[in-house]
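Novice: Submitted below is the structure of interest, expressed as structure tokens.
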Amino acid sequence: MKQINIDKSYLILKKWWENIDLTNYEKCNLNKEIISLNQQLFRLNQKQLRIGIYGKAGVGKSSILNLLLEKHEFKTDITNGTTKDIERKEWNFKHQSLKTIELIDAPGFDFYDIKDPENIFSQINSSELILFTIAGDINRNELTQINSFIRNGKKIILVFNKIDTWKGHDLKIILKNIRLKLPQYIKKYR
Ligand SMILES: Nc1nc2c(ncn2[C@@H]2O[C@H](COP(=O)(O)OP(=O)(O)OP(=O)(O)O)[C@@H](O)[C@H]2O)c(=O)[nH]1
Ligand SMILES: [Mg+2]
């Protein structure tokens with residue numbers, strides 16, 4: 001993995017942030033964003049990274065995190081709504097630039113009985129990286145959520161899970177369709 005100079009990035013960001021002069025009106029309106037930026041700066045200084053996963057119910061979010069952890073830490077099941085609230089686990093990913101990586105699992109955003117969806121969105125939105133998971137062609141609700149993260153300046157990796165459930169030819173058609181629907185400025189691999 002490319003060596004990242006976290007200390008240098010932290011100092012550049014900190015200096016930039018210290019030189020920004022906001023009016024009281026702006027501070028008031030941007031209160032949530034300011035808190036989130038300060039928390040991110042703190043984590044950067046501590047060499048901590050937060051990765052959140054988000055997507056519809058049952059697309060395999062918890063399974064993907066378990067794969068990363070190489071352990072069955074997050075509960076998974078065939079029924080929707082297995083993850084009921086935000087859950088966090090530390091990923092023992094060894095990298096000299098980082099001290100810890102926190103993985104955050106979320107309930108499916110379209111689960112019928114989801115509690116406090118704004119709070120769940122906001123907790124995932126506080127991550128440095130979001131694994132937005134899909135398991136088939138993308139729909140309007142998913143695009144709306146992706147665009148909300150993009151508007152908030154978030155880095156997203158779109159994870160197409162359960163590809164084993166599609167035949168090669170169908171998969172190609174779906175991937176082509178997804179590419180057409182995604183915002184133009186998203187880099188498209190594969
Ligand atoms: N065929 C197939 N099944 C998968 C894959 N990934 C996960 N699953 C299965 O899909 C089901 C749902 O997986 P979960 O990881 O619980 O999905 P989730 O998105 O966390 O679900 P909620 O917490 O309910 O929102 C489980 O039965 C998994 O074993 C995959 O790549 N292929
Ligand atoms: Mg889950």
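Novice: Could you check which residue among E26, E70, E87 shows the biggest mean-square fluctuation in a GNM of the chain with a 10 Å Cα cutoff?
Specialist: Comparing E26, E70, E87 in the GNM, the peak value goes to E26.
Novice: Rounded to the nearest 5, what % of the DSSP beta bridges within the chain are antiparallel ones? Write out the running numbers ahead of the final one.
Specialist: Working: 6 of 22 bridges.
Percent antiparallel among DSSP bridges in the chain is about 25.
Novice: Compute the length gained on full extension between L69 and N24: take 0.36 nm times their separation in residues and subtract their Cα-Cα distance, giving the result in nm to one decimal.
Specialist: Values: separation 45, 0.36 × 45 = 16.20 nm, distance 4.37 nm.
Full extension of this stretch gives 11.8 nm more.
Novice: Please label the shape of region 1-57 as rounded, prolate or oblate, based on the square roots a ≥ b ≥ c of the eigenvalues of the alpha-carbon gyration tensor (a/c under 1.5 means rounded; beyond that, a/b larger than b/c means prolate, else oblate). All intermediate terms of the calculation are to be shown ahead of the outcome.
Specialist: On the way: a/c = 3.05, a/b = 1.19, b/c = 2.56.
Verdict is oblate for region 1-57.
Novice: Taking the dipole about the Cα centre of region 1-46, with the C-beta of Lys and Arg at +1 and of Asp and Glu at -1, give me whichever of W16, Q40, I6 is farthest to the positive side.
Specialist: Toward the positive end, the furthest listed residue is I6.
Novice: Also, I was wondering about something else. Looking at this model, which pairs from K32/K154; K47/K89; K61/K89; K32/K89 are more than 18 angstrom apart at the alpha-carbon?
Specialist: Over 18 Å Cα-Cα: K32/K89.
Novice: Further question on the same structure: Let's see if you can work this out: charge +1 on each Lys and Arg Cβ, -1 on each Asp and Glu Cβ, no other charges. What is the dipole magnitude of the chain about its Cα centre, in debye to the nearest 20?
Specialist: Working: 32 positive and 22 negative charges, 166 e Å.
The dipole magnitude comes to about 800 debye.
Novice: Tell me the label-point distance for the pair Q40, K172, using the 7 Å Cα-to-Cβ offset, in nm and rounded to one decimal.
Specialist: Between Q40 and K172, the label points sit 3.9 nm apart.
Novice: Percent of Cα-Cα pairs more than 30 Å apart in the chain, please. Spell out each step's value before the answer.
Specialist: Numbers: 4687 of 17955 pairs.
The answer is 26 percent, as a whole percent.
Novice: Relative to the first principal axis of the alpha-carbon coordinates of the chain, what is the inclination of helix 31-45, with its axis defined by its Cα atoms, in degrees from 0 to 90 and to the nearest 10?
Specialist: Approximately 90 degrees, to the nearest ten.
Novice: Just flag the chymotrypsin sites (Phe, Trp or Tyr not before Pro) in region 55-110 sitting in loop per DSSP whose Cβ has no more than 12 other Cβ atoms within 10 Å. List each step's numbers first, then the result.
Specialist: Values: sites: F74, W91, F93, F109; in loops: F74, F93, F109.
Hits after loop and neighbour filter: nothing returned.
Novice: Enumerate the calculated ³J(HN,Hα) couplings along region 68-81 in order (Karplus 6.51 cos²θ - 1.76 cosθ + 1.60, θ = phi - 60°), each rounded to whole Hz, writing x wherever the residue is Gly or Pro.
Specialist: Taking θ as phi minus 60°, the curve returns 5, 6, 6, 8, 8, 8, 9, 5, 10, 6, 6, 8, 6, x Hz for region 68-81.
Novice: Related question: Tabulate in residue order the Karplus-calculated ³J(HN,Hα) for region 145-161, using 6.51 cos²θ - 1.76 cosθ + 1.60 with θ = phi - 60°, rounded to whole Hz; enter x for Gly and Pro.
Specialist: These are the phi-based 3J(HN,Hα) values: 5, 4, 5, 5, 5, 4, 4, 7, x, 7, 8, 10, 10, 8, 9, 8, 9 Hz.
Novice: Let me ask something else. How big is the gap, in Å, between the Cα center of region 153-185 and the Cα center of region 41-74?
Specialist: What the calculation gives is 20 Å, centre to centre.
Novice: Still on this structure, please answer the following. Would you pull out the residues with amide H under 5 Å of V159's amide H, same chain only if 5 or more places away, H placed 1.01 Å from N?
Specialist: Excluding prolines and chain starts, which carry no amide H, the hits are F132, T133, I134.
Novice: Mind sorting S36, S9 by how few other Cβ atoms lie within 10 Å of their own Cβ, fewest first?
Specialist: Numbers: S36 15, S9 12.
So the residues, fewest neighbours to most, are S9, S36.
Novice: Please give the helix 168-181 orientation as an angle from the longest Cα principal axis of the chain, in degrees from 0 to 90, rounded to the nearest 10.
Specialist: The helix 168-181 is inclined about 40 degrees to the chain.
Novice: Arrange the peptides 51-59, 152-160, 98-106, 168-176 so that the one whose residues have, on average, the most other Cβ atoms within 10 Å appears first. Walk me through the intermediate numbers first.
Specialist: Details: 51-59: 23.2, 152-160: 14.9, 98-106: 19.0, 168-176: 11.9.
Packing proxy ranking, top to bottom: 51-59, 98-106, 152-160, 168-176.
Any read-out appearing in this document is the output of simple, stated calculations on the displayed coordinates, not a laboratory observation. Just so it is clear, the structure is predicted and the values come from calculations on it, not from any experiment. Cβ sites come from the backbone with ideal geometry, for glycine too, and all protein chains shown count toward neighbours.
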